[in-house]
Amino acid sequence: MSARISRPMVALLALGIVAAILALDLATAGAPDLFTAPSAFALGSGAAPTGAHCTGS
Amino acid sequence: MFLRRASVLLIALGFTLFAFVMAGPRAGLLVMVGLGFGLVLEGLRFGFAGPWRMIVTDRDGRGLIAQLIAIALVAAVAFPLLAANPGELVPAHAPVGIAMILGAFVFGAMMQLVMGCGSGTLVNAGSGNLVGLIALAGFIGGSFAGSLHLGWWTGLGALPVLSLQGMLGAQLGLIVTLAGLALVAAVTVARAAPGKRMPPRRLWIAALLIAALALANLVIAGQPWGIVYGLGLWGAKIAQAGGMDLGATAFWAAEGNAARLSSSILTDVTSLTNIGLLIGAFAVMRWRAEPGAQTQPLTPASYGAVLGAALILGYSARMAFGCNVGAFFSGISTGSLHGWVWLVAAFAGSMLGIKLRPVLLRPASVKGAFA
């Protein structure tokens, strides 16, 4: 096989993988509840951050 | 060209709007931050793994100096911000331990094999690099697998979480951090060849923009920039959809992680910036008149080696409590001692990876090429 896969094609595949994960997630976890969405900025919100980070265990 | 560029804008703005509508303003803003990271990393060719290789192989310290400038700029703002707002902002602190050091060493080696680190893997995949796409799949699987064994690895022995703020206070901690970065810069300058010491204008601009985006990430999300958690979460979502009971695992049964697992990816900070970063890199590649050539074709065995290395890359990033972004960039810029230990261990690993690279990654003959 000597065909070369172009960069745009590979990039679209990468976006497709992410889109598939998002679709799978929306189908299983459902859409987020907008009524519990955090304020735009954590700084000044008065609330503790609830996100997870790579440094956590 | 107009249609191509219009489609790029549609994808970038469309996903930002989608996140905003589905998950609220913070989600939309974090996608924009991620887009910014992708645009800068790919558009201005600011990287992590490449400069670590260049200082060793070519005595070119410009990329590494740019990294240190960006980290110093973030630290100068993040230290006082974190000290003044402890209830709203959290640093990227993690414990130094046996597994953490081993993980950082292995990560450093593997990132030279897959030709990209945490952020680099996303940038490479988004910009259409075939090795990057394979690495992304491996990284997702590896970081998820690493999460399943993290408790065992940390049980091998670890110090308490130590930070420069905790040991010295915010002001002195910042001074020591900046001094440490200056020391690394001095060693880099001493090692670099004449003419390869001072970053060009492009990298100065990139360092400034990366620092601004990292600070925006902190102010919006309440936590520093990270990569690995989001990729591991994607792997966990796939495993759960496949029927795996993750509630029986220590990591995913923990309160915060269980909440992320049962919630939408659109509410996960690192997932949002990761997706934005990928789209940003894609946008830069598609915006150009010529997308550029695909990476050099490799032998099938070499592609297998890339996939294996990427699995280990993701796994070791979990062991090390982060990759070049979460541990090195964000760890050091927010005062974590583990960030400094990560730097030393990963750089040693990177030197090993540079030696392994020509052995494991072999170009295919034109006849046998399939990339």
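What FRET efficiency do you get for B:ALA190 and B:LEU168 if R0 is 30 Å and r is their Cβ-Cβ distance, rounded to the nearest 0.05? Please list the in-between numbers first.
Numbers: r = 27 Å, r/R0 = 0.90.
Between B:ALA190 and B:LEU168 the formula returns 0.65.
Rounded to the nearest 0.05, what FRET efficiency is calculated for B:LEU17 and A:THR36 with R0 set to 30 Å and r the Cβ-Cβ distance? Present the calculation step by step, with values, prior to reporting the outcome.
Details: r = 20 Å, r/R0 = 0.68.
Efficiency, from the Cβ-Cβ distance: 0.90.
Just counting partner chain Cβ atoms within 10 Å, what average do the residues of peptide B:247-254 show around their Cβ?
On the way: counts 0, 0, 0, 1, 2, 0, 0, 3.
Shielding by partners across B:247-254 averages 1.
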In Å³ and rounded to a whole number, note down the convex hull volume per residue for the Cα atoms of chain B.
143 Å³
For the range B:242-247, take each phi angle, set θ = phi - 60°, evaluate the Karplus expression 6.51 cos²θ - 1.76 cosθ + 1.60, and give the result in whole Hz per residue in order, putting x for glycine and proline.
x, x, 6, 8, 7, x
Could you tell me how far the Cα centroid of the range A:38-57 sits from the Cα centroid of the range B:227-277, in Å?
16 Å
Within chain B, which whole H helices from DSSP have a Cα span along their axis of at least 24 Å and a mean Kyte-Doolittle hydropathy of 0.5 or more, if any?
B:2-23, B:25-43, B:62-84, B:130-154, B:170-191, B:201-221, B:269-287, B:300-319, B:337-360
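Mind running the shape call on the range B:163-244? Use the C-alpha gyration tensor, a ≥ b ≥ c as the square roots of the eigenvalues: rounded below 1.5 for a/c, prolate if a/b tops b/c, oblate otherwise.
Numbers: a/c = 2.31, a/b = 1.63, b/c = 1.42.
Judged from the Cα gyration tensor, the range B:163-244 comes out prolate (a/c at least 1.5, a/b above b/c).
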Global geometry of the protein assembly as shown, whether rounded, prolate or oblate, following the gyration tensor of its Cα atoms and the 1.5 cut on a/c
rounded
Can you compute log10 of I(q)/I(0) for the range B:1-110 with the Debye formula, treating each Cα as one identical point scatterer, at q = 0.14 Å⁻¹?
-0.96
How far, in nm, would the chain grow between B:LEU3 and B:LEU208 when pulled straight, counting 0.36 nm per residue and subtracting the alpha carbon separation?
70.6 nm
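Which order do B:ASP245, B:ASP268 fall in if you start with the one that has the fewest other Cβ atoms within 10 Å?
Details: B:ASP245 10, B:ASP268 26.
Ordered by Cβ neighbours within 10 Å, fewest first: B:ASP245, B:ASP268.
Every number in this text was worked out from the coordinates using simple rules, so none of it is lab data. Quantities reported herein were computed from a predicted structural model and do not represent experimental measurements. Virtual Cβ from ideal backbone geometry, glycine too; neighbours counted across all protein chains shown.
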